[in-house]
Amino acid sequence: MQTPSNQPPALEHYNLWDNDTPLREAALRVVGADMGQRLAGVGQSIGQPTFFALGRSANRNPPELRRYGPDGERIDELEFHPSWHALMMQAADMRLHNGPWVDDEDSAVSRAVRFMLVAQVEAGVLCPMTMTYGAYPVLTQSLVTEGGVFDGWRTPLASGNYDPRDLPGSAKGGLLIGMGMTERQGGSDVRSNTTTATPDQLAGPGHMYRLNGHKWFYSVPQSDAHLVLAQTPGGLSCFLVPRRLPDGNRNDIYIERLKDKLGNRSNASAEVEFDDACGWLIGEEGRGGATILQVGGHTRFDCALGSLGMMRRAISIAMHHAQARYTFGKPLVEHDLMKRVLADLALEMEGLVALALDLAQAREPQASDAEQRWARLLTPAFKYVVCQRGIGFVAECMQVVGGNGYIEENDLPRLYREMPVNAIWEGSSNIMALDVRRALERDPELISLLQERLAPTCAANPVLARAWQALAAQLQNPAEADMRVLTERLIDIAAAATLTAHGPQLVATAWSAARLEQAGGLYGSRSLAGAQALLLQRVWPEDDHDH
Ligand SMILES: Cc1cc2nc3c(=O)[nH]c(=O)nc-3n(C[C@H](O)[C@H](O)[C@H](O)COP(=O)(O)OP(=O)(O)OC[C@H]3O[C@@H](n4cnc5c(N)ncnc54)[C@H](O)[C@@H]3O)c2cc1C
């Protein structure tokens, strides 16, 4: 039997933090050295074969719906593979679902890093984590308060435990919250929702209503509760709809079937019917859209973080392969054209990761008003650009690995299947680009706020200054049809500003030239202004065997 040669070993034994210079530098600008140590620990512990194996196994063994018990009783239970539970336990332990809300030493930046690290191992668990994270502030400001019906939820909602048991929330060690907006006739346009809610006795915030109708997508149906949109006499409203009622009985939510999905297979997404289900009104009737948007700000940002994490895993695999695989007498990474492609991919990570952590900082609970308004504008823009570009990015990394990149044992096929969902759920690409326009219409001062924010970096970077001047004029009264191109421009400019402010300057110059000056094209089509060697060195260590 022939011993295989020129086949690089699988990349599954490395520190995800130590090997990622752009992420480390961007994070350490904000978090202290102690937190840096903790993040290095996370990167080390999850970058191990056992973890990568859990991710693969959870996707190979997707959840199954058990609609009936042995005696024919409707039970609507889900059966998950043990690897899913193991991954959920880890994600909860890392407090992806509540860290910055409950721990003063935690921060949105540190959580963003952890979120990106976990995404590299398994992205399915990010869905329950982000929805619970987004729901936390809404719930603790409305229903989960002292002395209320959901008083007993406060402790488990703030805990770092994962508790998959089907019990009333107050009897559990940890909680998960989902979201139910999309119906058959409309997802982006939630005004078309037909599910109704009528007061059981009294109407108004905190009171119980009866819900009738359906949701066409209802991810994580095993959650302890969902935030559900339904029509009331006062308009579209948001309800907390628990799986088990406070008295322990099942709520009347029926799982019709589980979706058979392209990717995201470890995670369950269901279709459900409500048959006089109980839901508690959050806020005023008619304010449901605004409440869900509050949650959506967090989940949309997390979609981008999830995609960035998967892009990072893809480029790590590509670089690891390109260093060890020989073609035509030398390693792939030494061929000029491949070098250009890899450096262009590395540049993408530099700009988007630096901007991600800037944005995470602006999303800290204590951020200034100006920061929050900047984040309001940039979040949908960032979600659109990262999640949409990321799909091609992962395909390009697959290209680097060649035939092996298309084979399941390599993680690239799973990453590739997973990527598009982030560009669809929580607001698809066009909707995000249109949301940028809406933010500009609602807050006309945003352009002068951007002007002020960009002024110092524009002074240092003439390419950036020219690009911003042109965009500022176009943003004054943008046409709907132009919103994708303008949104992409906005993100490329914001990333150029972040790189210019924090360096390295060679990288900032390369980004500005490649993304703001040269005509767009596929990866490898743009010149990188002499930054190639630096980009490759920063994205992946030259000799990765000891890492
Ligand atoms: C795996 C998965 C899990 C999901 N889980 C959940 C969940 O848990 N809860 C939930 O509520 N939803 C969930 N969704 C649904 C998801 O949020 C919706 O699919 C998404 O919001 C788009 O809605 P839609 O499918 O109805 O498409 P549509 O609204 O019909 O839109 C179709 C396309 O048209 C574009 N479009 C729409 N309006 C305009 C316009 N005015 N101008 C230009 N373009 C436009 C959209 O961008 C989109 O590309 C899930 C989806 C998937 C794939």
Over the chain, the sum of -39500 (n - 2.57) across DSSP H runs of at least four, divided by residue number and rounded to 500 deg cm²/dmol, gives at 222 nm -16000 deg cm²/dmol
Highest mean first, what order results for 526-539, 24-37 on Cβ atoms within 10 Å? 526-539, 24-37
20 °C / 1.002 mPa s Stokes-Einstein diffusion coefficient of segment 138-231, Kirkwood radius on C-alpha pairs, µm²/s: 147 µm²/s
When the charge dipole of the chain is computed with +1 on Lys and Arg Cβ and -1 on Asp and Glu Cβ about the Cα centre, the Cα farthest towards its positive end, among W101, V436, G160, belongs to V436
By how many degrees, 0 to 90 and rounded to 10, does the Cα axis of helix 126-141 deviate from the longest principal axis of the chain? 50 degrees
From the Cα trace of segment 356-452, what convex hull volume per residue do you get, rounded to a whole Å³? 118 Å³
With no solvent and one equal point scatterer per Cα, compute the Debye intensity ratio I(q)/I(0) for the chain at 0.05, 0.06, 0.11 Å⁻¹ and report its log10, rounded to two decimals. -0.20, -0.29, -0.98
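Can you tell me which of 456-469, 181-194, 301-314 comes out highest on packing, and rank the rest after it, using the mean Cβ neighbours within 10 Å? Before the final figure, lay out the partial values.
Working: 456-469: 17.3, 181-194: 15.7, 301-314: 27.9.
Most protected by this proxy first, the peptides run 301-314, 456-469, 181-194.
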Can you order the peptides 417-427, 376-386, 251-261 by their average number of other Cβ atoms within 10 Å per residue, highest first? 376-386, 417-427, 251-261
Which angle from 0 to 90°, rounded to the nearest 10, does the C-alpha axis of helix 82-93 make with the longest principal axis of the chain? 80 degrees
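What percent do you get for the relative contact order of the chain when only Cα pairs under 8 Å and 6+ apart count? Before the final figure, lay out the partial values.
Values: 965 pairs, mean separation 77.5, N = 547.
Dividing the mean separation by the residue count of the chain yields 14 percent.
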Set Lys and Arg Cβ to +1 and Asp and Glu Cβ to -1, take the dipole of the chain about its Cα centre, and tell me which of A513, T196, L536 lies farthest positive. A513
Could you report the accessible area of I447 in Å², rounded to 10, computed with a 1.4 Å probe on the protein chains as they sit in the structure? 20 Å²
Calculate what fraction, in whole %, of the accessible area of the chain sits on carbon and sulfur atoms when a 1.4 Å probe is rolled over the protein chains. 50 percent
Quick one: angle between helix 336-362 and the longest Cα principal axis of the chain, in degrees between 0 and 90, rounded to 10, please. 40 degrees
Residue-normalised accessible area of the chain, given per residue in Å² at a 1.4 Å probe: 40 Å²
Nonlocal amide H pairs with E183, under 5 Å, H built at 1.01 Å: W216
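The values are calculated or read from the model by the stated rules, or taken from the named source; none is laboratory data. All values reported here derive from a predicted model rather than from experimental measurement. Positions of Cβ are generated from backbone atoms using ideal geometry, with glycine treated the same way; all protein chains shown enter the neighbour counts. Note: areas computed on protein heavy atoms with side chains; ligands, DNA, RNA excluded. Shrake-Rupley method; radii C 1.70, N 1.55, O 1.52, S 1.80 Å.
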